[in-house]
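Bear in mind these aren't lab numbers, they're just calculated from the coordinates by the rules spelled out. Predicted model only: the values in this text are computed from it and were never measured. As a convention, Cβ positions derive from the backbone with ideal geometry for all residues, glycine included, and neighbour counts pool all protein chains shown.
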Amino acid sequence: MAEERLQKILSQAGIASRRASEEIILEGRVKVNGKVVNTLGSKADLSRDHIKVDNKLLHKPQNMVYLALHKPREVVTTMSDPQKRKTVADLIRGAKERVYPIGRLDYHSEGLLLFTNDGEFANRIMSKRTNIVKTYVVKATGALTEKQLEEFRNGVPLFGKKTKPAGIKALNRAENPWYEIQLTEGRQNQIRMMFKHFGFLVEKLKRVKIGFLELASLKSGQMRHLTPEEVRKFKHILKMDEADEND
């Protein structure tokens, strides 16, 4: 087996996404054959080298696992929390393999969240190049004007960088209306910040769809395995038969 970058090995072993694995390496938590490796770009061979993360020996997952969770509000999208808040790890204890979340939903948001131990699957879903559409329903503290809706769709400046084009449509007419929003990017608190740009706050936010996969009847706090057909469909969309070393 050929040598591969450490962050890719960690990701494929179900430790974390490739981006998060880079942070783990930089924090000095990885050892290769007994030596700490904290330089990005370092390579190893999992079939030959002894690789440890937090002093635990790495093994390739026996089975690839793909889960959907309805994350409740006031739950942190991390596997552990120094503030001792409830985390998504508390909701997926039934998973036989070690899995991690693909992306995140903020503490006050709820909805569909995917988990896996398939590093390449996670990396491609989060990649800017795949443009997986994520759909949300949002309750705001006020109604956007037609001009503001158009600006929302075309992109608004956040921290010096304009957001990508987005979809938005009003679901009702009210003092505190609901909107359906579609994004292909996922900056931290992006929807909340976009509404704040127009002088409104987000009261409620729920992710109801990732690509073709809908939250549907999954109840808050409930988890389920993706069906083989759902996994195949995602992999086809993500073109996982193509090499993508630069992702």
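Odds and ends about this structure:
- The Cβ shell under 15 Å around residue 149 holds other residues with a net charge of 0, Lys and Arg each +1, Asp and Glu each -1.
- The range 87-202: translational diffusion in µm²/s, Stokes-Einstein, Kirkwood Rh over Cα pairs, 20 °C, 1.002 mPa s: 136 µm²/s
- Anisotropy class of the chain from Cα gyration tensor, a/c 1.5 cut: prolate
- Rg and Dmax of the range 1-64, both derived from C-alpha coordinates alone, stand at 10.3, 29 Å.
- Helix 228-238 vs. the chain, principal-axis angle (Cα, 0 to 90°, nearest 10): 80 degrees
- Residue pairs, from the table 52/233; 162/196; 128/239; 71/204; 204/239, whose Cα atoms sit over 23 Å apart: 52/233; 204/239
- Dipole check for the range 4-57: with +1 at the C-beta of Lys and Arg, -1 at the C-beta of Asp and Glu, and the Cα centre as origin, the magnitude is about 80 Debye.
- Charges were assigned to the Cβ only: +1 to each Lys and Arg, -1 to each Asp and Glu. The resulting dipole of the range 134-210 about its Cα centre is roughly 320 debye.
- Among residues other than residue 31 with Cβ under 13 Å from its Cβ, the summed charge is +1 (Lys and Arg +1, Asp and Glu -1).
- Ellipticity estimate at 222 nm from DSSP helix runs (n ≥ 4, -39,500 (n - 2.57)) divided over the chain, nearest 500: -6000 deg cm²/dmol
- Radius of gyration and Dmax over the Cα atoms of the range 72-149, both given in Å: 15.6, 50
- Prolate is the label for the range 22-115. Its Cα gyration tensor axes, ordered a ≥ b ≥ c, give a/c of at least 1.5 and a/b above b/c.
- Taken one residue at a time, the phi angles of the range 191-203 give Karplus couplings (6.51, -1.76, 1.60, θ = phi - 60°) of 5, 4, 5, 5, 5, 4, 4, 9, x, 10, 10, 9, 7 Hz. Gly and Pro are set to x.
- GNM flexibility winner over the chain from 105, 26, 201 (Cα, springs under 10 Å): 26
- For the range 47-107 versus the range 1-25, the gap between their alpha-carbon centres in whole angstrom: 14 Å
- Fewest-first ranking of 78, 116, using other Cβ atoms within 10 Å as the exposure measure: 78, 116
- As a length-normalised measure over Cα pairs under 8 Å and 6 or more apart, the relative contact order of the chain settles at 20 percent.
- Across all directions, the average flat footprint of the convex hull enclosing the Cα atoms of the range 134-210 is 4.5 nm².
- The residues neighbouring residue 62, those whose beta-carbon lies less than 14 Å from its own, together hold a net charge of +1 under the Lys/Arg +1, Asp/Glu -1 convention.
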